[in-house]
Structures are given as structure tokens and as C-alpha cells.
1. Considering only residues of the stretch 1-59 that are β-branched (Val, Ile, Thr) and surrounded by 13 or more Cβ atoms within 10 Å (Cβ to Cβ), which is farthest from Leu69 (Cα to Cα)?
2. Of all residues in the stretch 54-98, count the ones that are part of a helix (DSSP H, G or I) and either closer than 20 Å to Ala17 by Cβ or within 14 Å of the chain's Cα centre (by Cα) (or both).
3. Would you confirm, using the coordinates I've provided, whether Val33 is touching an Asp or Glu at 6+ places or on another chain (Cβ under 8 Å), over 21 Å from Leu100 (Cα atoms) and of a type in the set (A, V, I, L, M, F, W, C)?
4. Any chance you could count how many residues in the stretch 52-90 are farther than 28 Å from Leu100 by Cα, modelled with pLDDT of 95 or more and either in contact with a Cys (Cβ under 6 Å, 6 or more places away or on another chain) or aliphatic (A, V, I, L, M) (or both)?
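The values are calculated or read from the model by the stated rules, or taken from the named source; none is laboratory data. Computed from a predicted structure; not experimentally measured. Counting neighbours? That spans all protein chains shown, and the Cβs are built from the backbone with ideal geometry, glycine included.
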Amino acid sequence: MLILKIFRAPEWAALRANGESQGAPIDVADGYVHFSTPTQAQETAAKHFAGEEGLVLLAVDAEAVDDDLEWEVSRGDDLFPHLYRKLKLSDVVAHWPLPLVDGVHVFPEEALADD
């Protein structure tokens with residue numbers, strides 16, 4: 001199963017440059033990297049990234065990071081994947097631009113298909 005992370009362009013650039021990242025400021029503050037399932041990702045984008053352009057959607061294989069992944073209750077009593085270590089560039093199995101069209105982020109079909 002793929003889990004998804006939305007990064008702003010500077011966060012994605014930093015991950016590529018450094019090979020690892022503690023995530024976005026909210027991730028650093030909370031002590032883990034927030035992810036969403038494909039089912040949760042569009043709501044995450046609307047809630048936390050409304051109107052933001054230049055986003056990048058990252059995909060990570062949940063099984064590959066399972067030892068450091070916790071599924072915890074969050075929004076709407078849903079279980080969300082949280083990574084309790086730095087995100088490594090080598091964890092990222094795919095990435096796509098997340099364009100904003102008419103105020104809504106357009107997700108690639110292949111990112112939403114693996115739930």
C-alpha cells in the first residue's frame with residue numbers, strides 16, 4: 001500500500017539535496033512525519049494546503065517503512081500513518097506535481113489507485 005506525503009517545493013528540494021528530512025514544520029513540531037492514505041490525501045490537501053501552488057505529492061511503500069510507522073487516530077477518528085523517523089529520499093517510490101486547478105489540487109490517478 002502506498003502512503004502519501006504532500007511537500008511544498010522547498011521541502012521537496014531539501015529532501016532531494018540532503019537525502020533525508022524531518023518533514024514540514026508541523027512534522028518537526030509533532031515529532032513524526034504525517035502521511036495520508038490515498039483515500040485521505042485529497043481531504044488533507046484541502047484542509048492543510050488550500051490554495052497553495054507548487055506542491056509535490058510523494059509516495060512511500062508502507063510495508064517498506066513498517067518498522068517505523070504507527071497508525072494513529074486523527075481527523076474523523078480515522079487511522080493515519082505517522083513515520084517516527086526522518087523521511088529518506090530512498091523511501092520515496094514515486095512523486096508527482098500536485099497542480100492547483102480552479103482552486104482544487106488535482107491528484108494523479110496512479111497515486112489514488114493503491115489503497
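1. Val56
2. Within the stretch 54-98, residues that are part of a helix (DSSP H, G or I) and either closer than 20 Å to Ala17 by Cβ or within 14 Å of the chain's Cα centre (by Cα) (or both) number 5.
3. Against the criterion (touching an Asp or Glu at 6+ places or on another chain (Cβ under 8 Å), over 21 Å from Leu100 (Cα atoms) and of a type in the set (A, V, I, L, M, F, W, C)), Val33 qualifies.
4. Of the residues in that region, 3 qualify.
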